[in-house]
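**Student:** Pasting in a structure now, in C-alpha cells, and then I'll have a few things to ask.
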Amino acid sequence: MALAALGALGPRLAASQTPTKSIGLLSLFRNPIREEWTQTLGKLGWVEGKDVRIEYAIAEGQADRMPGLAADLVRKKVDVIFAGGPDGAIEAARATKTIPVVFFGAAYPVEQGLVETLARPGGNVTGIAWNSAYVKQLEFVRQVAPGARRVAHFRMPTAIRTVNGKAFEGLFPLIEATAKGMGLEMKSFLVTTPEDFEQAFKDIKAWQAQALITYATPPTVLARQRIVDFTNANRIPGFFDWRGFVEAGGLFSYGPLVAEMNVQAARQVDRILRGARPADLPVELPSRYEIVVNQKAAAGLGIKFPPSLLSRADDVIG
C-alpha cells in the first residue's frame with residue numbers, strides 16, 4: 001500500500017519539481033553570466049533547473065545575431081529577460097513591450113530610450129546602469145601620470161545606441177570640456193569597426209599621446225588585449241573603467257564592482273518574478289566601485305603609484 005501510494009504521488013512530485021518560471025538571458029558575450037548572479041538567484045529561492053528555467057541566448061560576440069536571439073526569447077514567452085550589456089538592453093527593448101526586461105550595464109538608459117526616468121522607468125524595462133564616473137578617470141590621470149597633458153580616447157558612435165536606432169555621443173563633449181578645464185588636451189580617435197583600431201593606434205602614436213582613457217564598450221571589450229598591448233608597447237599609460245583591462249596587463253582601472261552589480265540585478269529579477277512591475281522599480285546605479293592597479297605594467301612604463309593611491313586600491317596585480 002505504501003509503495004502504491006508513493007507510486008501514485010510520483011507524477012505529482014515530479015511535476016512539483018518542474019520550474020514554473022523562466023528567465024531569458026540575452027547577451028552579446030558570455031562574460032556577463034557571472035556566478036554571483038545565479039548564486040544570488042538561488043539564495044532568493046530561484047534555483048536553476050528546480051525553481052526557474054534559464055533560456056540562454058548568447059551571441060558569442062556577433063552583434064548581428066542579437067535581434068534574432070531576442071525574438072526567440074519573446075516567442076518562448078519567458079517571464080523576464082535579463083539583458084547583459086547595452087546591446088542586450090536595446091535589442092530586448094525593441095523585441096517586446098510587454099515582457100519585463102532587466103538590463104545590466106547600459107550607461108545612459110534615459111538617453112538611450114530604455115526608460116522614462118531613473119526613478120520611474122515607466123514601461124517594461126528597468127535594470128542596473130553602468131555608471132563608471134567617467135570624469136573621475138581624468139583625476140586619476142593627474143595622480144598617476146602628473147606630467148601627462150595630451151590624453152587620447154576612442155570615439156565609437158556605434159557603441160552607445162538608442163532604441164530608435166540613432167547613435168548617442170553625449171559622453172564625449174562632457175569629458176572633453178572637463179579635461180580642458182583641468183588643463184588637459186583631450187582628443188578622440190574614431191573607431192567604427194574592429195579594423196579601425198590599427199589606424200587609431202597609429203594616429204594616437206603620431207599625436208604623441210601621453211595617456212589613453214578607454215571605456216568599456218562592446219568594441220573595446222573585444223579588443224582589450226590589443227589596446228593593452230598597444231599602450232604598454234608604446235609606453236602610454238592606460239586608464240580603464242573595468243578591471244578586465246588590468247587583468248589583461250593594463251595599468252589602472254576605476255569602475256563599478258561588477259560582482260555587486262550582478263547581485264543587484266538578481267534582486268531586480270527576483271522582484272519581478274514575484275509580481276513587481278518594471279515601471280515601478282527604479283533603475284539602480286552601481287553600489288560599489290573598485291580601484292585595480294597593475295604594478296608590473298607600472299614598472300614597464302616607469303610609473304610609481306602614489307602611496308595614497310596604493311592604500312586605496314582594492315586589488316594590486318603583479
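**Student:** Given I227, I213, which one is within 19 Å of the chain's Cα centre (by Cα) and closer than 20 Å to R312 by Cβ?
**Tutor:** I213
**Student:** What is the one condition in (1) touching a strand residue (DSSP E or B) at 6+ places or on another chain (Cβ under 8 Å); (2) among the hydrophobic types (A, V, I, L, M, F, W, C); (3) modelled with pLDDT under 95 that A148 does not satisfy?
**Tutor:** (3)
**Student:** Inspect all residues belonging to the range 183-198 and state whether any of them is in a loop (DSSP other than H, G, I, E, B), at pLDDT below 95 and within 30 Å of D51 (Cβ to Cβ).
**Tutor:** No: zero hits.
**Student:** If I filter the range 110-124 for residues that are at positive phi, surrounded by fewer than 16 Cβ atoms within 10 Å (Cβ to Cβ) and not acidic (D, E), do I get at least one hit?
**Tutor:** Within the range 110-124, one or more residues are at positive phi, surrounded by fewer than 16 Cβ atoms within 10 Å (Cβ to Cβ) and not acidic (D, E).
**Student:** Find the residue count for the range 69-104, including only residues that are free of Cβ contacts under 8 Å to residues at least 40 places away in the same chain and within 23 Å of E35 (Cα to Cα).
**Tutor:** Total meeting the criteria: 2.
**Student:** S308 versus (1) in contact (Cβ under 8 Å) with a residue 12 or more places away in the chain; (2) assigned by TED's automatic domain parsing to the domain that holds A211: which is the lone unmet condition?
**Tutor:** Answer for S308: the failing condition is (1).
**Student:** With respect to L257, determine if the residue is touching a residue at least 60 places away in the same chain (Cβ under 8 Å) and at negative phi.
**Tutor:** no
The values are calculated or read from the model by the stated rules, or taken from the named source; none is laboratory data. Note that the structure is a prediction, hence the values are computed from the model and not measured. A quick note on method: Cβ atoms are made from the backbone with ideal geometry, for glycine too, and the neighbour counts reach across all protein chains shown.
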